[in-house]
Amino acid sequence: MQVRTRWAPSPTGYAHLGFISRVLINYALAKKNGGQFIWRNEDTDTERTIPGAMAFNMKWTREFGLDWDEGPDDEDLPEDLRKGGPYAPYTQTKRTKAGVYDQAIQTLLDNGSAYRCFCTKERLAELRETQERAKQQTRYDGRCRNLSTEEIKQNLDNKVPFTVRIKIPKDRKIEFDDLITHNHVVWDSNEVDDAIIVKSNGVPTYHLAAMYDDVVMKVTHALRGSEWLASTPIHKILFEGLGIKPEDQAQIGHFTVILDPNTPGKKMSKRNDSFRVDALLQRGYLKEAILNYLMLLGWAPKDNRELFTLEEFVEAFDLNGMQKSNPTWDDKKMDWFNGVYLRKLSLDQFSERFYEWVEKYLLTMLPEEEEAFRKKFESLPVDSLLEFARRLLADKPARLSEQLALVQERAVNLWDVLQQIQFFYDAPQSINWDIKQLDKVREQLSEVRAKVTGFMSSLPEDSKVWTHEAWESGMRAIGDALGVKHGDVFMVLRVAVCGTPFSPPLFESLQILGKEEVLARLNAN
């Protein structure tokens, strides 16, 4: 059996972290087994479709190296995203117009597996309200389930709008074995609703279109969100009505969901811009680090290994490693992965990736992402840092590599890097001396500052001949003379020159700044 998996998103939202994690599993399963990975555009929910969302989601998925073997080749897609394949078109509204589903719909109506429902939206809304008031399960009451041939003909002759519903048989047990969780699930068919499979505009719903397309496109494994588990009995009955044998159906598995750490027990929402993949890249996280973390959210390797390239993950992947419990997104763990990947880069690679981030991600924020970006960094001077990033990109300063080398071991992400090196280019305009790091030297602050300034003035003009020994011994001598701790003396100098108690290694930073600039900052503050 040739493995064929598919990812079939609806273009009603933008790609988020959970989105990419699910693509990753489908991709890995196909590639591990030498099969094909398919992208299908399930755009039958036309009322909620967001123009451009499909192209956006395809672009950012490919950004992570997750390419598809077959997929849409729609005219409104950028040319580099178009793919095509033997089962084109891969967009469901186009398949609807081409009549792909017509025979399946007619088969279900002819053999009594489905029926036309002529109920109005108003009646269905009233029915739902009545059931909710009575605290009953909201479901269709079957009013049109057994209409006579004459009643149906009369409605059709009068052009009464209708939907098509699947006819769930009564008094049956519908059983299902989940490919991912390995749970054996049993439903009482009397509790399963007669779901709409064709809307009144003639467009099939997910229940019909997705299931039928999986069969036609010879999909062998349909891995989807847990929200679709409750729909599985509908799909099992639909397959029966179409006469599709179990061996010709895709094996179905349901993913766990990634939980939002800020709302315990709630899944990561695709409506939350903070979880959009492009937003995380714009905040300075590396693609390979994000992908590596996502690999381990819902899947566990046998040897508890943590670091994987995409190729290594595909090689190691096994569906038996999929976990049943819902993982929670952890910002600190993401920071750890990103730090590991930043430190794996050579200095040249680090510099290259920094510039790429500034140009490709940081400075190309779309309006809908900017609010989430600014909210994430609301305590920082975002406009000043963005202006600084533009200058760096325009000037490509010669000593940037030296500055990056000082922060590479400490940085969590590239936004962090940008903050840490800004002081090399922009002297602090005002210093907040009222910080807890200086509490122990508060009463002698002015005297320490004067002594430090005098000592730095006495050093040679050429900062390259400064040595740790001479510099540190002089600074420690100031502390001894004034009876304050050596660390407090260094902190006074750090705050005066860098504007913050947190900075790259101080001595190396002073060497890069040079004596003239260091003294200018000491005298200014």
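Computed from the coordinates by the stated procedures, all read-outs in this text should not be read as laboratory data. All of these numbers come straight from a predicted model, not from anything done at the bench. All Cβ positions, glycine included, derive from the backbone under ideal geometry; neighbour counts span all protein chains shown.
Can you give the extra length, in nm with one decimal, that the chain gains between ILE431 and LYS218 once fully stretched, where that is 0.36 nm per residue apart less the Cα-Cα distance?
Contour length minus the Cα-Cα distance gives 70.0 nm.
Taking a Cβ-Cβ separation under 4.7 Å as the criterion for a possible partner, which cysteines of the chain have none?
Cysteines lacking a close Cβ partner in the chain: CYS119, CYS498.
Using the 10 angstrom Cβ neighbour count as an exposure proxy, how do VAL203, VAL216 rank, fewest first?
VAL216, VAL203
Stretched out fully, how many nm does the piece from GLU47 to ALA524 gain, at 0.36 nm a residue minus the Cα gap?
Taking GLU47 through ALA524 to full extension adds about 165.6 nm, to one decimal.
At 7 Å along Cα-to-Cβ for each site, give me the label-to-label distance between THR107 and ASN190 in nm.
3.1 nm
Assuming R0 = 60 Å, can you tell me the calculated FRET efficiency for the pair GLU247 and TYR355, based on Cβ-Cβ distance, to the nearest 0.05?
0.65
Using Cα-Cα distances under 8 Å and only pairs 6 or more residues apart, what relative contact order does the chain have, in percent?
12 percent
Considering only ASN57, TYR115, SER269, whose Cα is most displaced toward the positive end of the charge dipole of the chain, charges sitting on Cβ of Lys, Arg (+1) and Asp, Glu (-1)?
Toward the positive end, the furthest listed residue is TYR115.
Note down the magnitude of the dipole of the chain about its Cα centre, charges +1 on Lys and Arg C-beta and -1 on Asp and Glu C-beta and zero elsewhere, to the nearest 20 debye.
The dipole of the chain has a size of about 1040 debye.
Give the span of the chain's Cα atoms along each principal axis, as three whole-Å numbers ordered largest to smallest.
Sorted largest first, the three principal extents are 105, 52, 43 Å.
Students often forget the sequence filter, so: which lysines lie under 23 Å Cα-Cα from LYS83 once same-chain residues fewer than 8 apart are removed?
Hits, sequence-local ones excluded: LYS31, LYS32, LYS59, LYS94, LYS97, LYS218.
How many angstrom lie between the C-alpha centres of the range 168-186 and the range 145-167?
If we compute the Cα centre of each part, the gap is 31 Å.
Between LYS121 and GLU387, what is the spin-label point distance in nm, taking each point 7 Å from the Cα along the Cα→C-beta axis?
Distance between label points: 5.1 nm.
Based only on Cα atoms, what mean projected area does the convex hull of the range 99-255 have, in nm²?
Computed as one quarter of the Cα hull surface, the answer is 10.1 nm².
Full extension from ARG343 to ASN158: what is 0.36 nm times the residue separation minus their Cα-Cα distance, to one decimal in nm?
Here the segment from ARG343 to ASN158 would lengthen by 59.4 nm.
Against the 2.2 N^0.38 Å scaling, with N counting residues, where does the range 436-524 land? I'd like the Cα-based Rg ratio to two decimal places.
It is 0.99.
Which FRET efficiency, nearest 0.05, do SER148 and SER226 yield, Cβ-Cβ r, R0 35 Å?
Computed FRET efficiency for SER148 and SER226: 0.30.
Using a 10 Å cut-off around each Cβ, can you sort MET58, MET456 from fewest to most neighbouring Cβ atoms?
MET456, MET58
How do TYR355, TYR341 rank when sorted from fewest to most other Cβ atoms within 10 Å of their own Cβ?
Exposure proxy ranking, most exposed first: TYR355, TYR341.
By DSSP, what percent of the beta bridges with both residues in the chain are antiparallel, rounded to the nearest 5?
Approximately 55 percent, going by the DSSP bridge assignments.
For the chain, what does the helix formula give at 222 nm: sum of -39500 (n - 2.57) over DSSP H segments with n ≥ 4, over the residue count, nearest 500 deg cm²/dmol?
-13500 deg cm²/dmol, from helical runs alone.
How do the peptides 22-32, 137-147, 292-302, 502-512 rank, highest first, by the average count of neighbouring beta carbon atoms within 10 Å per residue?
So the order, starting with the most tightly packed, is 22-32, 292-302, 502-512, 137-147.
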